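Worksheet for the structure shown next.
Taken together, the values in this text are just the output of simple stated rules run on the coordinates, not laboratory data. On a predicted model such as this, the values are computed, not experimentally measured, just so you know. All Cβ positions, even for glycine, are placed from backbone atoms using ideal geometry, and neighbour counts span all protein chains on display.
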Amino acid sequence: MHAARTLIVRDGFDALTTRRLADEAGITAPTLYNLIGDKNEIIRQLVSDGVGRVGSRATLGEDLPPLAIAEGIIETALCVVAEDEAYYRAVVIASDRVPGAFAAAGDGPASVANAAQISIDMMTAACRAANGARLLEGHVAAETLGLQIFIGFRGPFRDWANQLISVGEFRRRALRGLYMALAVDAAPQFRDILRAKIIELEPPFHAGLEEAA
């Protein structure tokens, strides 16, 4: 996998062929196939590794307030991605080339689904903590909210990888998705806090007018 990662970062995703990867690793193509499998399996393992790296760096920080825990997971993920942008762009683009490679829980190859599940479980735990603190009303299951937050992160992740948005916009959309998902089940006072955070993330209205002009 190290050779595949090096090849993608240096030469781009389209350079990832079994022959070039075998050359990079210093082995024959048949040996590579026996060790890992075909190109699709290589891509699945790369995606699993990429998601797993994010999950392993994000910690729950149990002493923090529930919202700070959830925000911290997203901020940590963004920091990890920013440390190796070329690799993570390639990982996300690769995931779109292979159906099911970047799956949510219960969908796609087990190793990748488990990697994605790390992020979902962490967000679910933060939602349970918010329930315990009576910030949420408990009408929506914590598991449902955790999955929705993950989906809300995955969308801008893909847009960033395809260079449709900046990393700053990636952050803004991911946090907005978090706040909007929580607002669905938020107690009144917590909903006001989330609303204020959403408004704070929005660009000034006059800036939008200037860009349109």
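Numbers for the structure displayed
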{"read-out": "J(HN,Hα) series, the range 172-177, from Karplus relation 6.51 cos²θ - 1.76 cosθ + 1.60, nearest Hz, glycine and proline x", "value": "4, 5, 5, 5, 4, x"}
{"read-out": "Cβ-Cβ FRET estimate between ASN40 and HIS139, R0 fixed at 45 Å, reported to 0.05", "value": "0.65"}
{"read-out": "Built amide H within the under 5 Å cut-off of LEU136, gap 5+", "value": "ASN131, ALA187"}
